[in-house]
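The values are calculated or read from the model by the stated rules, or taken from the named source; none is laboratory data. Quick caveat: nothing in here was measured; it's all calculated off a predicted structure. Positions of Cβ are generated from backbone atoms using ideal geometry, with glycine treated the same way; all protein chains shown enter the neighbour counts.
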């Protein structure tokens, strides 16, 4: 049973389905849902980084908070950071003692409807997270995204 779920998002349309999966999993397990968005390494001043983090937090809230509230779910935290995305995911998972990390295969839609159903390798963030994670990593395959694969 999962009590602490870390959902990693790049805020793409593809992540919407991974979010829905994560939210349902959190609700079914009465778990806390951490939502993480990494900005990567920013070559900015500290004030500019703080501003960028604030903007990204607003984007995450806009993308997900309304959907959670509509389903009566309020057991969540939002984390946004700069720096190496994999290192930040692993660090957050360790700090919150996450039971599982939920993420997609990469940062872009892996295939369009009607294209070849064979999926290439995982994206670099997913691959490295799998290697460095302190807990299990659940990778949501494209087959679970409606309209992206043939049956």
Selected residue [at pLDDT below 60 and touching a helix residue (DSSP H, G or I) at 6+ places or on another chain (Cβ under 9 Å)] from 102, 119: 119
Sole exception among (1) modelled with pLDDT of 95 or more; (2) surrounded by 18 or more Cβ atoms within 10 Å (Cβ to Cβ); (3) in contact with a helix residue (DSSP H, G or I) (Cβ under 7 Å, 6 or more places away or on another chain); (4) in a loop (DSSP other than H, G, I, E, B) for residue 110, by number: (1)
Lone unmet requirement of (1) buried (at least 16 other Cβ atoms within 10 Å of the Cβ); (2) within 15 Å of residue 82 (Cα to Cα); (3) in contact with a helix residue (DSSP H, G or I) (Cβ under 9 Å, 6 or more places away or on another chain); (4) free of Cβ contacts under 8 Å to residues at least 60 places away in the same chain for residue 10: (4)
Test set (1) touching a helix residue (DSSP H, G or I) at 6+ places or on another chain (Cβ under 6 Å); (2) buried (at least 17 other Cβ atoms within 10 Å of the Cβ) - residue 56 fails condition number: (1)
Answer from 80, 85, 125 - the residue that is under 26 Å from residue 51 (Cβ atoms), surrounded by 15 or more Cβ atoms within 10 Å (Cβ to Cβ), modelled with pLDDT under 95 and in contact with a strand residue (DSSP E or B) (Cβ under 9 Å, 6 or more places away or on another chain): 125
Residues within the stretch 59-73 that are exposed (fewer than 12 other Cβ atoms within 10 Å of the Cβ) and under 24 Å from residue 136 (Cα atoms), tallied: 0
Some residue of the stretch 16-24 being surrounded by fewer than 17 Cβ atoms within 10 Å (Cβ to Cβ), farther than 24 Å from residue 126 by Cβ and without any contact (Cβ under 8 Å) to a residue 40 or more places away in the chain: no
Hey, residue 29 over 11 Å from the mean Cα position of the chain (by Cα), surrounded by fewer than 17 Cβ atoms within 10 Å (Cβ to Cβ) and within 16 Å of residue 135 (Cβ to Cβ) or not: yes
Residues located in the stretch 21-56, provided they are farther than 15 Å from residue 75 by Cα and assigned to a helix (DSSP H, G or I): 21, 46, 47, 48, 49, 50, 51, 52, 53, 54, 55, 56
